[in-house]
Every structure is written in structure tokens, then in C-alpha cells.
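The values are calculated or read from the model by the stated rules, or taken from the named source; none is laboratory data. Everything numeric here is computed off the predicted structure, so don't read it as measured data. Accessible surface is based on the protein model in full, side chains and every heavy atom, while ligands, DNA and RNA are left aside. Shrake-Rupley method; radii C 1.70, N 1.55, O 1.52, S 1.80 Å.
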Amino acid sequence: MTGQRLLLEDLSVGYRRPGLKGSIRGGNGSRSVVSGIDVSLDGGLFACLVGENGSGKSTLLRTIAGMQRPLSGRALIDGEDVARMTVGERSRRIAVVLTDPVDSGYLTVRGLVALGRYPYVDWKARLSDSDETAVTKALEAIGIGQLADSRVDRLSDGERQKAMIARALAQDTPVILLDEPTAFLDAPRKIEIVSILREVARREGRVVLMSSHDIELALAYADRLWAVSEGRLSSGAPESLVLSGVLASTYRSATASFDLESGSFLVPGKPGRPVGLRGEGIAREWTARALERAGFRVADTGKTGTAEPPFVEVEGERGALSWRIATGNGTVTAPDIEGMLAALGEPPPR
């Protein structure tokens, strides 16, 4: 599927029903939640849509999918207006994966994935040999071929999400939209799902757009970020939105702020007692995390040379680590992180 493109032209999305709260209102009682959207996404790119709760992410996805009409502007797939497509035409252009529970009854995984082929079947709803091949290919592409005969209602959350993504893949559309597909998964399963989606976009040349609340995951895996804030959408490479300050302004909180160095949200506090840290590699990084979590302010003392106490030196390699702690009362060695923190004593309250 080369040359695919999703294009949003001066798009405004929201609700036409009167009486809803909102700061931006249009005619006939409509309320716009995101407006003035001019952005495109080419096939082969994996994009994440981010923003605070209630910012309009789901409304935007539903509008792109043709599930609700735009207030103004257009969503185009390869130059064709989604709002003007029939249901059948949309089902052959856009696959949607929602977080809503699926009433699968006694469906097997293969049966669920086969639903993705129904835009192409005849009036008797019979699957052809090519349809069956597409289902098998989708199962294998997502890595759940071994679950084909399992009942959907007996799957884990992660397995069920994979099955839903396989159904979207079997639908053979140029655009795949996913609303919070990793919301209820543990960290390893989130990474697994996002890795699969990015690979699908790149291997198949599809447009894959996923909404997510997991900013660190989006920064690590997305080719593009779409950030919704205060009724506007900004787009670009994740690093560009970080460096420009867009991502920090997208999320406003009195108790947490986006940290440019770590790429995560941190709770600000008063500077703690300074402590020097010497070491290398991953052990040094996790030691620094422990010190900062405990309220210390970490300074790098380098690999060699002297340092004024208090300071910590990480020695050895993983599996045989120790921590040498120098304080005003002398030098001690601790066998673990807990012992290191105890030797340093409590820092001043934040």
C-alpha cells in the first residue's frame, strides 16, 4: 500500500447538539472541541495522538473514521472526502479499533479476525479462499496464529487487543485508527502492541494513528506526534514537539511538569542535599534515580579525582555491585541501594 495519505484540511470537530458546555461555539448550538486542523500523515508512518482527558482525541478519531460528521473542513484519504463515502466505501478505507468491550459471544479468534473481511464478501457473507488467506496472514503478522481456535472471551487483555488489531489488519484498509489500545495493558504488553503497530505501518505502508495517554511510550515509538491542547492540534516529530515546548504546554499541572532531560513528568520539589555520584553505565543511572527519589540532588563527580563528601561511588558489575559512601564521619561500603541510602542519612524535607 504505497502512496497512501491521510489529509485533514481546515478540519473542525465537535458536537452539533445544543446545551453542551464549551468555550468555542458555532452556529446551530454546535460546540467545537478541536478546530483549524491542517495536517497530513503519509503511509508507512506510525503516529500517536496525545492530549489531556477531554481534549478531543476520541472526537477527532471518530470524525476521521466517519463515525460523526465534521463541523467544518474535510478528512481526506487519498484525496477522497471521508464524509462523502458510503458505509461500504469507508469500511474498505478505514479500520477502527476502539476500547469499548466487544461482545464476542462464542467467537474464536479466527472468527473475530474474519469479521474484518466482511466489507469484501458477497451477499451470502461467504469467505473466499483469498479472504481465508488474508485472515491467516493477519493472525501470523500479529503473532497470534497459535490462538486461532481459542475463544475470544477466554483471552487475556493483551491477547484480545492483538486479536482486534489482527481484525483491523485483515480488513486491508490504507488507514488504521486506534483509540487507546494499550489503556489496560501492563508495560511489557504495551510495548509489544506499539511495536507491532509501528511495524505494520512500515511493512504494509499503511497510515496508523493511535491515541494514547502514555507520553513516554509515544516519545519512544511514534514517528509523528499529534498533540491536542486548548482546541488546537500541533504535529511533528516527537523531538520537535519536545524542544519547541509544545508537549510541555499540552499538559498543565500544578503538581507535575514535563522534564526535558528525562522526557517524563516529574513532581517538582525543593532542592535536596547535594551528593556526588561516581560510576558508569546502568548501575550509575539507577543509583542516581534512587538518590533523587529519596530527595538528594545528584552531582556527577567524574570517573577519577577527589570529591568532597558526601559522595557515592558505584563499584563492580551487575550481579556483584557495591556502593562506597563517603560522609563526614568516614567511609563505609553498602551491599545494596537500601544500605547506601541508610548510610547517607535522610535528606532535608522537601
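Axis angle, to the nearest 10 degrees, between helix 281-293 and the longest C-alpha principal axis of the chain: 80 degrees.
Surface composition of the chain: carbon and sulfur atoms hold 49% of the protein heavy-atom accessible area at a 1.4 Å probe.
Pairs of lysine in the chain with Cα under 30 Å and at least 8 positions apart or on different chains: total? Lysine pairs meeting both conditions in the chain amount to 9.
Ellipsoid semi-axes for the stretch 112-213, based on the Cα gyration tensor and the rule √(5λ), read 23, 16, 12 Å when sorted largest first.
Mean-square fluctuations from a GNM of the chain, with a 10 angstrom spring cutoff on Cα atoms, peak among Ala248, Ala326, Ala187 at Ala326. Compared with the dominant Cα axis of the chain, that is its longest principal axis, helix 187-204 is turned about 50°. Gyration tensor analysis over the Cα atoms of the chain returns equivalent ellipsoid semi-axes of 47, 27, 16 Å (largest first, whole Å). Relative to the longest principal axis of the chain, what angle (0 to 90°, nearest 10) does the C-alpha long axis of helix 129-142 take? Here the helix axis deviates by roughly 10 degrees.
Accessible surface calculations at 1.4 Å, restricted to protein heavy atoms, place the chain at 52 Å² per residue.
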